[in-house]
Amino acid sequence: MTEHLNAAILVAEQFGQAIVRGDFEAAHALLADETQRTYSPAALKTAVTDMIAYAEAPLQHATVMREVVMEDWPDKQPGDLAWVYVSLQGESFSEAVTVVLADTKRGARIRELEWGRP
């Protein structure tokens, strides 16, 4: 695995853990500049809250599904490092956020988010 890919996976893990903790400011800091303009910390919280509205308990764990990390995919753009599936689990449910990580001036950052299991 390349250094860039490892950095991307680490950022995806940190993002998932911040979401589980409810630290949407920390999650926001891991977004690329353009994505930060789309998703404020409050918008991240709303996306997560809406996604798990049916759940009777909070999120408890975030896990990067390393077996499905992709370095090549159909919509890959110049500068993209990885497509990463982050499983978000609660006591009796599982959801996910898929992130595309890009190489930015601040290092690996999340360029794109897709909420919910595919």
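The values are calculated or read from the model by the stated rules, or taken from the named source; none is laboratory data. None of the values given here were measured: they were computed from a predicted structure. Cβ atoms come from the backbone with ideal geometry, glycine included; neighbour counts cover every protein chain shown.
Here GLN36 does not fit the description of being over 15 Å from ALA108 (Cβ atoms), surrounded by 14 or more Cβ atoms within 10 Å (Cβ to Cβ) and at pLDDT 95 or above.
Tell me, which residue of the stretch 79-108 that is in contact with a helix residue (DSSP H, G or I) (Cβ under 7 Å, 6 or more places away or on another chain) and closer than 13 Å to ASN6 by Cα is surrounded by the fewest Cβ atoms within 10 Å (Cβ to Cβ)? The selected residue is GLY107.
No other residue among VAL48, VAL11 is touching a residue at least 24 places away in the same chain (Cβ under 8 Å), buried (at least 17 other Cβ atoms within 10 Å of the Cβ), under 17 Å from GLU91 (Cβ atoms) and of a type in the set (A, V, I, L, M) apart from VAL48. Looking at the stretch 85-104 only, could you name the residues that are of a type outside the set (Gly, Ala, Ser) and at pLDDT 95 or above? Residues satisfying the conditions are TYR85, VAL86, LEU88, GLN89, GLU95, VAL97, THR98, VAL99, VAL100, LEU101, ASP103, THR104. Take the conditions (1) modelled with pLDDT under 95; (2) over 16 Å from the mean Cα position of the chain (by Cα); ARG66 misses just one of them, which is (2).
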